[in-house]
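Read through the structure below, which is laid out as structure tokens, and then see the notes.
The values are calculated or read from the model by the stated rules, or taken from the named source; none is laboratory data. Note that the coordinates shown come from a computational prediction; the quantities given were computed from them, not determined experimentally. All Cβ positions, glycine included, derive from the backbone under ideal geometry; neighbour counts span all protein chains shown.
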Amino acid sequence: MTQHLALYQPDIPQNVGAAMRLCACLGLTLDLIEPFGFPWDERKIRASGMDYTDLAVVKRHSSFDAFCAAYPGRRLILMTTKAAVPYTDFEFRDDDILVAGRESAGVPDDVHEKADARVVIPMIPGARSLNVIIASSMVLGEARRQVGH
């Protein structure tokens, strides 16, 4: 199974809570890459993650470089609206780390360059993007289907 979901500098604490719940239910590790676009408030995070936050395995990283250093050799798959490959056409591996960008700005060019692959969720013309957790759920579902989980 795809064992990790990484959120790059998330802006919305409720999305972090929802990601904790998603990862807890699927048995995945959630990697949170700082700095966050909000003050860390454990109470708000726990409220949005409901009672699943105790089941979640969460790792915080002080920077993108610290995150990369924690997983040498792992393939980083960036979910981005700037990709050309639909996520359903991509061949996922069991140890991929899916990376989602900031809700407000995605990821900077240097993160794009460090990604091993980039995938997109095809949308109708004029649609900008999906909520980061909805998008992550879709791509994680396909990745898990492909690797047999």
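Observations on the model:
Conditions (1) in contact with a helix residue (DSSP H, G or I) (Cβ under 9 Å, 6 or more places away or on another chain); (2) surrounded by fewer than 17 Cβ atoms within 10 Å (Cβ to Cβ), marked per residue:
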position: 103; (1), (2): yes, no
position: 107; (1), (2): yes, no
position: 111; (1), (2): yes, no
position: 114; (1), (2): yes, yes
position: 127; (1), (2): no, yes
position: 133; (1), (2): yes, no
position: 149; (1), (2): yes, yes
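- Note on the stretch 121-138: residues that are in contact with a strand residue (DSSP E or B) (Cβ under 6 Å, 6 or more places away or on another chain) and not in a helix (DSSP H, G or I) total 1.
- Long-range neighbours under 8 Å by Cβ, at least six apart or interchain, first residue small (Gly, Ala, Ser) within the stretch 85-110, second exposed (fewer than 13 other Cβ atoms within 10 Å of the Cβ): 106/82
- Count of residues meeting criterion [over 18 Å from residue 85 (Cβ atoms) and among the charged types (D, E, K, R)] in the stretch 115-140: 1
- From the list 37, 17, 73, 27, the one residue that fits, being of a type in the set (Gly, Ala, Ser), over 14 Å from residue 140 (Cα atoms), surrounded by fewer than 16 Cβ atoms within 10 Å (Cβ to Cβ) and in contact (Cβ under 8 Å) with a residue 12 or more places away in the chain, is 37.
- In the stretch 22-29, the condition of being among the hydroxyl-bearing types (Ser, Thr, Tyr), within 13 Å of the chain's Cα centre (by Cα), in a loop (DSSP other than H, G, I, E, B) and closer than 27 Å to residue 73 by Cβ is met by no residue.
- Number of the condition not met by residue 118 [criteria: (1) at pLDDT 95 or above; (2) in contact with a helix residue (DSSP H, G or I) (Cβ under 9 Å, 6 or more places away or on another chain); (3) over 15 Å from residue 5 (Cβ atoms); (4) outside any strand (DSSP E or B)]: (4)
- Reported count of residues in the stretch 79-101, each being outside any loop (DSSP other than H, G, I, E, B) and surrounded by 18 or more Cβ atoms within 10 Å (Cβ to Cβ), is 6.
- Conditions (1) surrounded by fewer than 21 Cβ atoms within 10 Å (Cβ to Cβ); (2) modelled with pLDDT of 95 or more; (3) touching a Phe, Trp or Tyr at 6+ places or on another chain (Cβ under 9 Å); number of the one not met by residue 11: (2)
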